[in-house]
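Here's the structure, in structure tokens; my notes come after.
The values are calculated or read from the model by the stated rules, or taken from the named source; none is laboratory data. Keep in mind the model is a prediction, meaning the values are calculated, not measured. As a convention, Cβ positions derive from the backbone with ideal geometry for all residues, glycine included, and neighbour counts pool all protein chains shown.
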Amino acid sequence: MLLGLILLISSLTTAQADMIEIGGAVGADGVYVHWLDGEGRESDTIRAAVIVEPFVGDLSEISPGAALVVGNLALLPMEAAVSADISTGDIELTRFKAAALRAAFLQSVPVEALTLYRDLDRGISIGGDLLAFRVPIKITKEGGIVILPGLDLGVRHYSTNDIEATSFHASLAVETRAARTFLDGWLSTGILGRLRLEAATSGMSGDEEAVLAYLALSLDEQHRMYARVYAGVERDGNRDDLRMPAMNTFFGLGIFGNLTGR
């Protein structure tokens, strides 16, 4: 799979310009994060978050069967969150993630290649994953419940509370989605869950759990743009070792959509 990704990236860099379209998924959110057991170590934050897929690819120009093998191709997908500390007013880049390529192999297996990220909520000042993939398992006929087990491989540098550590990791992740739509697709609701078990060097092996519930309202007849409101809770077993609160809750609202209809 990794060799296939490298060949795919190479072919895209030399392909015709009309294979690449400008604009994919876009989103903007306002988020409030509250730490449950901070004991004064962490303050609540208000955040502005964005998601952008600046380029999406049409593989049909590479070969007739390419689009059947790889679907939903996105180049340089990015997401970021800037937070303002409520107690001090300090502003920082809390989360950032950018991947060289995101695609769905065989139209169903989500894959990300060469990902760079930052996640201060987990104490990660900078990290990089060589490969991350999920394998969907549909539970209901309509796909209302989907389980996505998969694997992340990479390296991270933790920097928080005078703790510095670099860790190579292989993370087994299981994501679950349960969703329902109403009013001919104008309204949808669902629950997302995530469990991550990490085998890592530098004593950074641990577990992570998260649950999120959302409600979304479509803003156009094609159901490409919608407003959303959501809330959830996160727990990371490594946070205690980093002298950070282990759990936090969050509440967010914003808009999200796909400009290309892919």
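Rundown of residues vs (1) free of Cβ contacts under 8 Å to residues at least 12 places away in the same chain; (2) crowded, with 17+ Cβ neighbours inside 10 Å; (3) touching a helix residue (DSSP H, G or I) at 6+ places or on another chain (Cβ under 6 Å), yes/no style:
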site: Glu164; (1), (2), (3): yes, no, no
site: Trp186; (1), (2), (3): no, no, no
site: Ala200; (1), (2), (3): no, yes, no
site: Ala216; (1), (2), (3): no, yes, no
site: Gly237; (1), (2), (3): no, no, no
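Filter segment 204-214 for residues that are surrounded by 16 or more Cβ atoms within 10 Å (Cβ to Cβ) and touching a Ser or Thr at 6+ places or on another chain (Cβ under 9 Å); which is farthest from Asp240 (Cα to Cα)?
Step one: filter segment 204-214 for residues surrounded by 16 or more Cβ atoms within 10 Å (Cβ to Cβ), giving 204-206, 208, 210, 212, 214.
Within this subset, residues satisfying the condition of being touching a Ser or Thr at 6+ places or on another chain (Cβ under 9 Å) are 204-205, 208, 214.
On the way: Met204: 11, Ser205: 12, Glu208: 12, Tyr214: 29 Å.
My answer is Tyr214.
Selection over segment 125-177 of residues that are among the aliphatic types (A, V, I, L, M) and in contact with a Leu (Cβ under 8 Å, 6 or more places away or on another chain) gives a count of 13.
One line per residue, one yes/no per condition, for (1) surrounded by fewer than 17 Cβ atoms within 10 Å (Cβ to Cβ); (2) closer than 26 Å to Asp162 by Cα:
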| residue | (1), (2) |
| --- | --- |
| Glu221 | yes, no |
| Ala227 | yes, no |
| Met244 | no, yes |
| Gly257 | no, no |
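Within segment 120-132, the set of residues being in a strand (DSSP E or B) and crowded, with 18+ Cβ neighbours inside 10 Å comprises Ile124, Gly127, Asp129, Ala132. So, of the residues in segment 81-103 that are surrounded by fewer than 19 Cβ atoms within 10 Å (Cβ to Cβ), over 17 Å from Val31 (Cα atoms) and small (Gly, Ala, Ser), which turns out to be nearest to the chain's Cα centre (by Cα)? Looking at the filtered set, the residue picked out is Ala98.
The single condition from (1) within 24 Å of Gly257 (Cβ to Cβ); (2) modelled with pLDDT under 85; (3) basic (Lys, Arg) that Arg47 fails is (2). Looking at segment 133-162 only, could you name the residues that are among the aliphatic types (A, V, I, L, M), part of a loop (DSSP other than H, G, I, E, B) and either more than 22 Å from Leu114 (Cα to Cα) or over 16 Å from the mean Cα position of the chain (by Cα) (or both)? Of everything in segment 133-162, just one residue is among the aliphatic types (A, V, I, L, M), part of a loop (DSSP other than H, G, I, E, B) and either more than 22 Å from Leu114 (Cα to Cα) or over 16 Å from the mean Cα position of the chain (by Cα) (or both), namely Ile139.
Select, from Ala199, Ala178, Ala173, Ala165, the only residue that is in a strand (DSSP E or B) and in contact with a Phe, Trp or Tyr (Cβ under 9 Å, 6 or more places away or on another chain).
Values: Ala199 fails: in contact with a Phe, Trp or Tyr (Cβ under 9 Å, 6 or more places away or on another chain); Ala178 fails: in contact with a Phe, Trp or Tyr (Cβ under 9 Å, 6 or more places away or on another chain); Ala173 fails: in contact with a Phe, Trp or Tyr (Cβ under 9 Å, 6 or more places away or on another chain).
One residue alone meets the criteria, Ala165.
Applying the set (1) in a strand (DSSP E or B); (2) farther than 20 Å from Pro77 by Cβ to Asp220 leaves exactly one unmet item: (1).
Residues to consider are Glu79, Glu53, Glu92, Glu21; find the one that is among the charged types (D, E, K, R), at pLDDT 80 or above and farther than 29 Å from Met247 by Cα. Walk me through it before giving the result.
Numbers: Glu79 fails: farther than 29 Å from Met247 by Cα; Glu92 fails: farther than 29 Å from Met247 by Cα; Glu21 fails: at pLDDT 80 or above.
Matching residue, one of Glu79, Glu53, Glu92, Glu21: Glu53.
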